[in-house]
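Take a look at the structure below.
The values are calculated or read from the model by the stated rules, or taken from the named source; none is laboratory data. What you are looking at is a predicted structure, and each value in this text was computed from that prediction instead of being measured. Note that we place each Cβ from the backbone using ideal geometry, even for glycine, and neighbour counts take in every protein chain shown.
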Amino acid sequence: MKCGTVSLIGRPNVGKSSLINALLKTRAVIISPKPQTTRNSIRCIYNDENAQIIFTDTPGLYRVKNSKDKLGIFLNEEISGALEDSDAALWLIDAETRKLEPDDFAVAEILPPSLPVILIANKSDKANPSQAFKLYEGLYKFKAKLSVSAKLNRGLENLMNVLMPLIPDGEILYDPEILMDTTEKFMASEIIREKILRLLRDEVPHCIAVEIDEYKSPEEFPDRKKLYIRASLVTETEGQKKILIGSDGSMIKKIGALARRDLEEVTGQGVYLDLWVKVLPGWRKNNTALKRLGYA
Ligand SMILES: Nc1nc2c(ncn2[C@@H]2O[C@H](COP(=O)(O)OP(=O)(O)OP(=O)(O)O)[C@@H](O)[C@H]2O)c(=O)[nH]1
Ligand SMILES: [Mg+2]
């Protein structure tokens, strides 16, 4: 057997999480049209007859402009940590890119020099990647260049064929039934956060974290027929809290309804979702709060 770890890196919003979902043929990690959707490096496990590949989804690289931005520092550490543990990396770019940005040079800088890296132009359904390839070619000595479309499942087989020789021989690390190395509670908080990212204006979602206060399965509480999840949507200001609640609670109801539907699908059981909004001023700059919210 072969077994190895592969990190996905690249600018925010290029489709790293989408590509992992496409390769695993499932919805393991959350995606949204907003940059910086992913906040933790999340291990997703691919299995076939000959190999197990642990794909690590990472936050879109984030240049920390301010040492008070503790969430940003955490995101960067997640990426460096993931790369250190990897046998190979997939550097995702958007096929439509017409100009390099400081973020791209920052990606090149954190790559360990001996790591095999494949350059992947995603969103090839929207543009021909040849111009984008030319821009990036000089940044790193890539093992290969490929184009894919995570949306249309295009180029995935070819990608796996090119990737497989880079995976070392070894026994598998995870039970093949396991899809992700995270907890159900973490998955639940991510599903809820995804709905907020999708429903709300650009400024609000980045100030939001989701904390699961209670997660009780019916096995634990036979009087309850459903999985009971109580979660707090943590915001930084009273203004954001108002936006999250919406007029007469319309927004939080919408978030709850969409999240509940996905949670029921993922857990395969009825879900009672109890959402609250909590203001925690400056949580993104506060070590204690970050730790509590899973960003430490
Ligand atoms: N047209 C097109 N859109 C895509 C494709 N892959 C992803 N997208 C869209 O691009 C957006 C970003 O996708 P994500 O998978 O969240 O991107 P990401 O790189 O994980 O973003 P961060 O977690 O913020 O770093 C979403 O709106 C996706 O639907 C693709 O192949 N074609
Ligand atoms: Mg992502």
Would it be correct to say that T37 is within 16 Å of ligand 1 (Cβ to nearest atom) and either in contact with a Gly (Cβ under 9 Å, 6 or more places away or on another chain) or at pLDDT 95 or above (or both)? yes
Restricting attention to region 44-75, which residues are more than 16 Å from ligand 2 (Cβ to nearest atom), over 22 Å from I93 (Cβ atoms) and touching a Phe, Trp or Tyr at 6+ places or on another chain (Cβ under 6 Å)? I45
In region 136-153, which residue that is surrounded by fewer than 16 Cβ atoms within 10 Å (Cβ to Cβ) and either within 23 Å of the chain's Cα centre (by Cα) or touching a residue at least 40 places away in the same chain (Cβ under 8 Å) (or both) is nearest to ligand 2 (Cβ to nearest atom)? K151
Counted residues, region 117-135 - those being without any contact (Cβ under 8 Å) to a residue 40 or more places away in the chain and within 15 Å of I9 (Cα to Cα): 3
In the set E265, E219, the lone residue that is over 27 Å from G72 (Cβ atoms), without any contact (Cβ under 8 Å) to a residue 24 or more places away in the chain and either assigned by TED's automatic domain parsing to the domain that holds I42 or not in a helix (DSSP H, G or I) (or both) is E219
Sole miss for C3 among (1) crowded, with 23+ Cβ neighbours inside 10 Å; (2) touching a residue at least 60 places away in the same chain (Cβ under 8 Å); (3) over 23 Å from L199 (Cα atoms) is condition (1)
Might you let me know whether region 57-76 holds any residue that is among the β-branched types (V, I, T) and under 15 Å from the mean Cα position of the chain (by Cα)? yes
Among L19, L8, the single one that is in a strand (DSSP E or B), near ligand 2 (Cβ under 10 Å from one of its atoms) and buried (at least 20 other Cβ atoms within 10 Å of the Cβ) is L8
Contact list please: Cβ distance under 7 Å, first residue in region 63-75 and of a type in the set (A, V, I, L, M), second residue part of a loop (DSSP other than H, G, I, E, B), pairs at least six apart or on different chains. L71/Y295; I73/V64; L75/R39; L75/P59; L75/Y62
Subset of region 14-34 [touching a Gly at 6+ places or on another chain (Cβ under 8 Å) and away from ligand 1 (no atom under 12 Å from the Cβ)]: none
Cross-chain or 6+ apart pairs with Cβ under 6 Å, region 101-116 first and aliphatic (A, V, I, L, M), then part of a loop (DSSP other than H, G, I, E, B) and at pLDDT 90 or above: A108/L139; A108/Y140
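For every residue, the table says whether it meets (1) at pLDDT 95 or above; (2) out of contact with any helix residue (DSSP H, G or I) (no Cβ under 8 Å at 6 or more places or on another chain).
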residue: R98; (1), (2): yes, no
residue: A106; (1), (2): no, yes
residue: N122; (1), (2): yes, no
residue: D125; (1), (2): yes, yes
residue: L159; (1), (2): yes, no
residue: P165; (1), (2): yes, yes
Taking the stated definitions as given, is S41 crowded, with 22+ Cβ neighbours inside 10 Å, assigned by TED's automatic domain parsing to the domain that holds L139 and within 11 Å of ligand 2 (Cβ to nearest atom)? no
